[in-house]
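The values are calculated or read from the model by the stated rules, or taken from the named source; none is laboratory data. Everything numeric in this text was worked out from a predicted model, so none of it was measured. Cβ: placed from backbone, ideal geometry, glycine included. Neighbour counts: every protein chain shown. Side chains are part of the model used for accessible areas, which takes the heavy atoms of the whole protein and leaves out ligands, DNA and RNA. Shrake-Rupley method; radii C 1.70, N 1.55, O 1.52, S 1.80 Å.
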Amino acid sequence: MHRHENTFLTLEELGAHYAPYAPNYDIRWNYATLHHWRLGRSVAKNSGLIELKRGDRSVIDGWLRKDDALKLYEMAYYAPGDILELGSYHGLSTTILAKANRAAGNQRRIVSVDLTPDAVEITRDTLRSQGLDQNVSNIQDDAVHAVQSFVDAGRTFGFVFVDHSHAYTPVYEVCRRLGPIVVPDGFCLFHDFNDPRNRDEQDESYGVYQAVVAGMDPAQFEFWGTYGCTALYRRIK
Ligand SMILES: C[S@@+](CC[C@H](N)C(=O)[O-])C[C@H]1O[C@@H](n2cnc3c(N)ncnc32)[C@H](O)[C@@H]1O
């Protein structure tokens, strides 16, 4: 395994540099599969963001950079347990998780949570149109409420992708509850961690960096790297 702790950013450094994707698992040639490699080439020219299409060739809306998407695929492919996604929107990240899981032999259940009923329905359609829906449960719920219910039920995951909010409290409250639901050596990936808007103290809608730094208990999790705008933490045994 490879830990990239030297990619940690101070608050002042957010947005100044986006560390490129680099694998944490020991992967020959850096990519788990040919699909993983191809994902890094699925970048829209105008936006610079990942562009994937549904079965009917319509574009799946979403906001993933190349390096975010490559890390997402790697973490889902090698996940040492089921996969939890908080915030699916139209299913771009869910598509990547489901494709990686399928390539890894569909060994894991993916649980995808979104607060908005429309987002849940569109994510379902997005997956169905690509034949990726079999191993995915789409749940309409608030992220904190969903995570608390997993804690109460003793449900665990090998990988958690957190992308439901940019604001401090909803992300902090999730972070404080992750310990019991992430298996030893499991990973959590936070989107929008490396975003310069987190630096603006006047902007109450942004505080992912501060929420993760304050909310991830160092007795339970260690920082493993930043990739694109994401930050990766690993559950300590
Ligand atoms: C940034 S989008 C997710 C993008 C998606 N992961 C992707 O890569 O395309 C955030 C999503 O989180 C949902 N959301 C917002 N607040 C939430 C909450 N408290 N709990 C669960 N989902 C929430 C929104 O409805 C929205 O669909």
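Within segment 213-237, restricting attention to residues that are part of a helix (DSSP H, G or I) and in contact (Cβ under 8 Å) with a residue 12 or more places away in the chain, the residue that is least open to solvent (accessible area, probe 1.4 Å) is G215. When Q202, Q210 are checked against the criterion of being in a loop (DSSP other than H, G, I, E, B), farther than 18 Å from R109 by Cβ and away from the ligand (no atom under 12 Å from the Cβ), Q202 stands alone in meeting it.
Where the second residue is open to solvent by 90 Å² or more (accessible area, probe 1.4 Å) and of a type in the set (F, W, Y) and the first is part of a loop (DSSP other than H, G, I, E, B) and lies in segment 14-38, which pairs have Cβ atoms under 9 Å and are six or more apart or on separate chains? Sorted first by the residue in segment 14-38, then by its partner, the pairs are Y31/W37.
Within segment 158-179, the only residue that satisfies the criterion of being open to solvent by 60 Å² or more (accessible area, probe 1.4 Å) and in contact with a Ser or Thr (Cβ under 8 Å, 6 or more places away or on another chain) is H166.
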